[in-house]
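Peer 1: Supplied in structure tokens, the structure appears directly below.
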Amino acid sequence: MPDRILPVGDAAGPRPVSPEAGGARCAAWELDDRPREECGVVGVSGIDHAAEQAFLAMYALQHRGQEAGGIVAFDDDGGRVHKGSGLVSEIFGPESLAELSGKTAVGHVRYSTTGGSNPANIQPITARYAHGELALAHNGNLTNQHDLRTRLVEDGAIFRSSSDSEVLVHLIAKSREDTVDAQVRDALSHLEGAFSMVLAIDETIYAARDPRGFRPLVLGRKGAGHVVVSETCALDILGAEYVRDLEPGEVVRIRGPEVSRLPGLAPADDVSPCIFELVYFARPDSRLWGVSVDRARRTFGRHLAREHPVDADAVIAVPDSANSAALGYAEESGIPFELGLLRNHYVGRTFIEPDQRDRDFGARMKYNPVREVLVGKRVVVVDDSLVRGTTSRSLVRMLRQAGAAEVHLRIGSPPVRFPCFYGIDMPTKGELIGSHLDVPDIAERIGVDSLGYLSLAGMVDAVAEAGPYCTACFSGDYPAPLVDVDRGFLTAEGPASGQNGTAARGAALSSPASPSAAR
């Protein structure tokens, strides 16, 4: 049976029910060195079998988080919870979905950006408080969560997880406002950083974006009901009509056919949607902030071809996220686009420990060269970003072994030089190859004949119609206050000295009791 929702502060959190939770399929080895997608959120209101609709939307958003997921569904008898580790298809089946009855549901797919795979951190976060049963799904990262959590603990709050998202639950429960609407708005007003949230209190859905609009969130309509999702591709799988993007700082209340705009948070002067969503995270069939992701990436590729031309016989992509940029590069340069690398889509985690001498194991598990395309050819390899450089180095060796005469690497974004504190699992600054090597040294390290990055100005100009953007990972210009960084709880190299070091990457926010796990 699905779990019931427990009171705020109850020490026994919802139990993950996936048979894979905590099982032997834990990663023995990471297959890639790319930044990890943050998370995907879903809210469904006024639609029969809402949990099934949430499941389908989560399927479409699986690229945003493959570590864990969960659905909370509400009917007249209250809320029911089903969570687990793994892919959506591994967590849910016909029986579990049938038990999640009702016309209201909240769903979440997760990749923990800073914490481990603690089952208590799997979302939606659930609680029962004075005004009803609550379920929260959050995409982003709160940059003042340590400060808020410390004050809440001193005030008597008991946390069940190390997720910064749980801070909002306690802020709602402790709000002195009279109405639920006002309590939600009051709680949101204390947050700094990035958040796109879907919150259910009984059968009412609340959806909100932070005042800078870092992460996407869109509203759709299906029949007499509504859905809120991270990307428009999730509307497509539901057959739902796109209504609009939620605006930065906006808070809406949804109950079936009724959508009400509540007093929100004032949009920041420097509204800053994350440009890395367009570079890499979002699916190419989505539209973000009025921009087609596919067309944006093609434009990145065309600008890249103008900035870094080269004589070559073929343009190939590192599939799949660089396909659109590679097509743009080929269109602009006139060099034929070829399928020189194929991706194995059935690889996630493996229990096989590779031999330590096998440096290219991960690349060979995930990619395979098409030798007939490569033998004797000068190839331009287009990728969306370059982070540590280890996967790129393995791919270059693979292409040369397959017969490529020359390998010219082109990157559809600038060098990644700074960690992200707004919800991306980005390596620490010391691990970012662009933070300590210049372009010629990176080219030598990777083993390519030439290397060219899209300039920051070229990237921003390519999608200027929806800007300005957050470019912090490229420029170091952080638009939202980094409260926990400024107070010494967090450094660009991970947790501050003396903290529990289990959160080894990027934005490692920790509490007095345990390391934080962002979504």
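The values are calculated or read from the model by the stated rules, or taken from the named source; none is laboratory data. These figures come from a predicted structure and were not determined experimentally. Here Cβ is always computed from backbone atoms with ideal geometry, including for glycine, and neighbour counts include all displayed protein chains.
Peer 1: Please pick out the residue among 293, 243 that is crowded, with 17+ Cβ neighbours inside 10 Å and among the hydrophobic types (A, V, I, L, M, F, W, C).
Peer 2: Numbers: 243 fails: crowded, with 17+ Cβ neighbours inside 10 Å.
It is 293.
Peer 1: Another question about this same structure. Yes or no: the range 473-491 includes at least one residue that is outside the structural domain of residue 322 (by TED's automatic domain parsing), within 24 Å of residue 319 (Cα to Cα) and of a type outside the set (Gly, Ala, Ser).
Peer 2: The answer is yes, given that some residue of the range 473-491 is outside the structural domain of residue 322 (by TED's automatic domain parsing), within 24 Å of residue 319 (Cα to Cα) and of a type outside the set (Gly, Ala, Ser).
Peer 1: When only residues in the range 149-186 that are of a type in the set (A, V, I, L, M) and within 23 Å of the chain's Cα centre (by Cα) count, which is farthest from residue 45 (Cα to Cα)? Spell out how you get there, then give the answer.
Peer 2: The first filter runs over the range 149-186 and keeps only residues of a type in the set (A, V, I, L, M), leaving 152-153, 157-158, 167-169, 171-173, 180, 182, 184.
Applying the additional criterion that residues be within 23 Å of the chain's Cα centre (by Cα) yields 167-169.
Working: 167: 24, 168: 21, 169: 20 Å.
Among those that are of a type in the set (A, V, I, L, M) and within 23 Å of the chain's Cα centre (by Cα), it is 167.
Peer 1: Restricting the search to the range 296-314, which residues are in a helix (DSSP H, G or I), in contact with a strand residue (DSSP E or B) (Cβ under 8 Å, 6 or more places away or on another chain) and surrounded by fewer than 19 Cβ atoms within 10 Å (Cβ to Cβ)?
Peer 2: Listed by number, the list holds a single entry, 307.
Peer 1: Can you find, within the range 247-270, the residue that is farthest from the chain's Cα centre (by Cα) among those that are at pLDDT 95 or above and in a loop (DSSP other than H, G, I, E, B)?
Peer 2: Checked the range 247-270; the qualifying residue farthest from the chain's Cα centre (by Cα) is 257.
Peer 1: For residues that are at pLDDT 95 or above and in contact with a strand residue (DSSP E or B) (Cβ under 6 Å, 6 or more places away or on another chain), tally how many sit in the range 39-61. Lay out the reasoning, then the answer.
Peer 2: Start the filter on the range 39-61 by keeping residues that are at pLDDT 95 or above, which leaves 40-61.
This time we only want the ones that are in contact with a strand residue (DSSP E or B) (Cβ under 6 Å, 6 or more places away or on another chain), so: 40-47, 50-51, 53-54, 57-58, 61.
Residues that pass the stated criteria total 15.
Peer 1: What do you reckon, is residue 278 in contact with a helix residue (DSSP H, G or I) (Cβ under 8 Å, 6 or more places away or on another chain), of a type in the set (A, V, I, L, M), modelled with pLDDT of 95 or more and surrounded by fewer than 17 Cβ atoms within 10 Å (Cβ to Cβ)? If you could, list the steps in order and put the result at the bottom.
Peer 2: Details: in contact with a helix residue (DSSP H, G or I) (Cβ under 8 Å, 6 or more places away or on another chain): yes; of a type in the set (A, V, I, L, M): yes; modelled with pLDDT of 95 or more: yes; surrounded by fewer than 17 Cβ atoms within 10 Å (Cβ to Cβ): no.
Taking the combined requirement at face value, the residue does not satisfy it.
Peer 1: Step by step: first the residues of the range 35-85, then only those that are under 21 Å from the mean Cα position of the chain (by Cα) and among the aromatic types (Phe, Trp, Tyr), then the one that is farthest from residue 252 (Cα to Cα). Which residue is that?
Peer 2: Restricting to residues being under 21 Å from the mean Cα position of the chain (by Cα) and among the aromatic types (Phe, Trp, Tyr), the top hit is 59.
Peer 1: When you look at residue 353, is it modelled with pLDDT of 95 or more and surrounded by fewer than 23 Cβ atoms within 10 Å (Cβ to Cβ), yes or no? Spell out how you get there, then give the answer.
Peer 2: Numbers: modelled with pLDDT of 95 or more: no; surrounded by fewer than 23 Cβ atoms within 10 Å (Cβ to Cβ): yes.
So residue 353 fails the test.
Peer 1: Within the bounds of the range 174-184, is there any residue that is in contact (Cβ under 8 Å) with a residue 24 or more places away in the chain, buried (at least 19 other Cβ atoms within 10 Å of the Cβ) and on the phi > 0 side of the Ramachandran plot? Before you say what the answer is, go through the steps one by one.
Peer 2: Residues of the range 174-184 in contact (Cβ under 8 Å) with a residue 24 or more places away in the chain: 180-181, 183-184.
From the residues that got through so far, the ones that are buried (at least 19 other Cβ atoms within 10 Å of the Cβ) too are 180, 183-184.
Applying the additional criterion that residues be on the phi > 0 side of the Ramachandran plot yields none.
The answer is no; no qualifying residue exists.
Peer 1: Hey, could you check the range 374-400 for residues that are free of Cβ contacts under 8 Å to residues at least 60 places away in the same chain and β-branched (Val, Ile, Thr) and say which is farthest from residue 430 (Cα to Cα)?
Peer 2: 375
Peer 1: Test residue 136 against the criterion of being within 20 Å of the chain's Cα centre (by Cα), modelled with pLDDT of 95 or more and within 19 Å of residue 53 (Cβ to Cβ), and give yes or no. So that I can check it myself, show each step before the final result.
Peer 2: Values: within 20 Å of the chain's Cα centre (by Cα): yes; modelled with pLDDT of 95 or more: yes; within 19 Å of residue 53 (Cβ to Cβ): yes.
Yes: the conditions hold for residue 136.
Peer 1: If you don't mind, there's one more thing I want to ask. Go through the range 176-192 residue by residue and tally those that are more than 18 Å from residue 141 (Cβ to Cβ) and assigned to a helix (DSSP H, G or I).
Peer 2: 7
Peer 1: Working carefully through the options 467, 498, 423, find the one that is modelled with pLDDT under 90 and in contact with a Gly (Cβ under 9 Å, 6 or more places away or on another chain). Before you say what the answer is, go through the steps one by one.
Peer 2: Working: 467 fails: in contact with a Gly (Cβ under 9 Å, 6 or more places away or on another chain); 498 fails: in contact with a Gly (Cβ under 9 Å, 6 or more places away or on another chain).
Answer to the check: 423.
Peer 1: Name the one entry in 196, 230 that is buried (at least 20 other Cβ atoms within 10 Å of the Cβ), touching a Cys at 6+ places or on another chain (Cβ under 8 Å) and among the small types (Gly, Ala, Ser).
Peer 2: Working: 196 fails: touching a Cys at 6+ places or on another chain (Cβ under 8 Å).
Result of the check over 196, 230: 230.
Peer 1: Tell me which residues, restricted to the range 286-327, are modelled with pLDDT of 95 or more, hydroxyl-bearing (Ser, Thr, Tyr) and closer than 23 Å to residue 60 by Cβ.
Peer 2: Scanning the range 286-327 gives 286, 292, 324.
Peer 1: When you scan the range 193-240, how many residues do you find that are touching a Lys or Arg at 6+ places or on another chain (Cβ under 8 Å), within 20 Å of residue 424 (Cα to Cα), part of a strand (DSSP E or B) and of a type outside the set (A, V, I, L, M)?
Peer 2: Qualifying residue count for the region: 3.
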